[in-house]
1. If ligands, DNA and RNA are left out, what is the accessible area of Y176 with a 1.4 Å probe, given in Å² to the nearest 10?
2. Using DSSP to define loop residues, name the GluC sites (Glu not before Pro) in region 103-188 whose beta-carbon has at most 14 other beta-carbon atoms within 10 Å.
3. Explain nothing, just the number: relative contact order of region 125-188, from Cα pairs under 8 Å at least 6 residues apart, as a whole percent.
4. For region 100-150, what does the accessible surface come to per residue with a 1.4 Å probe? Please give it in Å².
5. If I model a spin label as a point 7 Å beyond the Cα along the Cα-Cβ vector, how far apart are those points for E172 and N83 in nm?
6. Classify region 58-188 as rounded, prolate or oblate, taking a ≥ b ≥ c as the square roots of the eigenvalues of its Cα gyration tensor: rounded when a/c is under 1.5, otherwise prolate if a/b is larger than b/c and oblate if not.
7. Just how much of K130 is accessible, in Å², when a 1.4 Å probe is used and the result is rounded to the nearest 10?
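The values are calculated or read from the model by the stated rules, or taken from the named source; none is laboratory data. For clarity, every value in this text was computed on a predicted model and none was experimentally measured. Every residue, glycine as well, gets a Cβ built from its backbone with ideal geometry; the counts of neighbours run over all protein chains shown. Surface areas here come from the heavy atoms of the whole protein model, side chains and all, with no ligands, DNA or RNA. Shrake-Rupley method; radii C 1.70, N 1.55, O 1.52, S 1.80 Å.
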Amino acid sequence: MRAFENKIKYKIFKIGMLLLVLGMIVIACGIRDNSSYAVQPGNNATENNEQEKTDYKDGNAKIQVYTMDPDSLEAEEITVKVNADSTKGLTAQTIVDAVMDLFEAQGANIGINQVEQNENTVIVDFNGEKAPVVNVGSAEETAILNCISMSLLDNLDDCQQVVFHVDGDCYESGHYAFELNEAYKWKN
């Protein structure tokens with residue numbers, strides 16, 4: 001009888017250990033997944049950016065922008081120094097240029113025709129013959145669009161939404177299609 005009880009206790013011990021290991025795996029995966037939400041605009045990252053913006057007397061500013069992690073193809077935050085024009089301050093064009101410089105350093109050939117701000121909307125017009133419209137996978141296209149839009153939303157107080165166009169018309173690629181002037185991302 002004692003041997004039978006020991007077998008039962010041993011099986012309960014094994015099941016308990018298995019559940020403990022599975023629980024630790026679930027917790028570890030949950031921690032990793034939560035880190036990807038830290039780069040979404042409107043969260044605490046925006047509040048931190050407000051504190052970290054520094055205007056220099058020489059017309060430069062440190063800002064937080066997003067670039068694509070080449071391994072995970074997800075947006076990651078990075079601090080860059082940009083020229084903040086003393087008469088205009090930080091502009092949408094300056095922010096997009098900073099993001100494009102980071103992509104160019106990774107070898108990405110992204111084509112932007114124009115960056116324009118109309119009241120609370122920033123419109124980024126892409127060249128239809130270059131990335132992110134062509135020659136990229138869906139994950140890379142999403143990362144490019146996210147990096148540009150989140151960088152604009154986080155750094156421009158008067159930017160409430162970001163719209164993408166292709167050659168002055170609706171944004172349409174092999175992965176996305178938006179109506180003309182349909183916002184890709186916006187502040188909550």
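1. Around 60 Å² of this residue is reachable by solvent.
2. Working: sites: E104, E116, E119, E129, E140, E141, E172, E179, E182; in loops: E119, E129, E179, E182.
Passing both the DSSP loop test and the Cβ count: E119, E129, E179, E182.
3. Working: 79 pairs, mean separation 21.4, N = 64.
Reported relative contact order: 33 percent.
4. Values: 2220 Å² over 51 residues.
Counting only protein heavy atoms, the per-residue value for region 100-150 is 43 Å².
5. Output for this residue pair reads 3.8 nm.
6. Numbers: a/c = 1.72, a/b = 1.24, b/c = 1.39.
In terms of gyration-tensor shape, oblate.
7. The accessible area comes out at roughly 80 Å².
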